[in-house]
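Worksheet: the structure to be examined is printed underneath.
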Amino acid sequence: MKKVLCTVLSILAIALVLGVVSGTALAQDNSTYAVAYYSNANTTGAPDATVRVINDGDTGGTLCAAFYVFDDSQEMQECCSCPVTADGLISESVNNYLLANSLTSFVNHRGVIKVVSTNAPSGSCESYQG
């Protein structure tokens, strides 16, 4: 029994060390990744959803928020990038901005929005809407 307990404790200690090392590596990365879903988009009578992105100012400069919008079949429908200044907030309409210029011309009602944040070169980011 003591041998099994020592083995289990050794495995937990290794896992803890690997978790700390992994967490340290992620803490050094200034990019942020967020995932959200939307439903009832472009549906008569349903309210428009809003995606809000905040730059907490931790990096001291402007960040680029790159939006990638996928439908429920995992096909990319839209992509765009917006600058977010330090301590700033942007609010984007799902219907009027994130789904307004679909790559497939398909009227999309539900899916996934992924936001990737990176440091903006020269304090601005190239605004692109697909």
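Coordinate-derived values only; no laboratory data. For clarity, every value in this text was computed on a predicted model and none was experimentally measured. We place every Cβ from the backbone using ideal geometry, glycine too, and count neighbours over all the protein chains shown.
Within segment 73-93, what residues put their amide N at less than 11 Å from the label point 7 Å along the Cα-to-Cβ vector of Ile54?
Residues 87-90 fall inside that zone.
Expressed in whole Å with the largest first, what are the equivalent ellipsoid semi-axes of segment 31-120 derived from the C-alpha gyration tensor as the square root of 5 times each eigenvalue? Please list the in-between numbers first.
On the way: eigenvalues 125, 34, 20 Å².
For segment 31-120, the ellipsoid semi-axes come out as 25, 13, 10 Å.
Can you work out ³J(HN,Hα) from phi for every residue in segment 46-63, in order, using Karplus 6.51 cos²θ - 1.76 cosθ + 1.60 and θ = phi - 60°, giving whole Hz and x for Gly and Pro?
Along segment 46-63, the couplings run 8, x, 6, 8, 10, 9, 10, 10, 10, 9, 6, x, 4, 7, x, x, 6, 10 Hz.
How far apart, in nm, are the 7 Å Cα→Cβ label points at Val116 and Ser39?
2.8
For segment 31-97, state which GluC sites (Glu not before Pro) are in a DSSP loop and have at most 14 other beta carbons lying within 10 Å of their beta carbon.
For GluC sites (Glu not before Pro) across segment 31-97 that sit outside H, G, I, E and B with at most 14 neighbouring Cβ atoms in 10 Å, the list reads Glu75.
Enumerate the calculated ³J(HN,Hα) couplings along segment 92-99 in order (Karplus 6.51 cos²θ - 1.76 cosθ + 1.60, θ = phi - 60°), each rounded to whole Hz, writing x wherever the residue is Gly or Pro.
Result, rounded to whole Hz: 10, 6, 5, 6, 8, 10, 6, 10.
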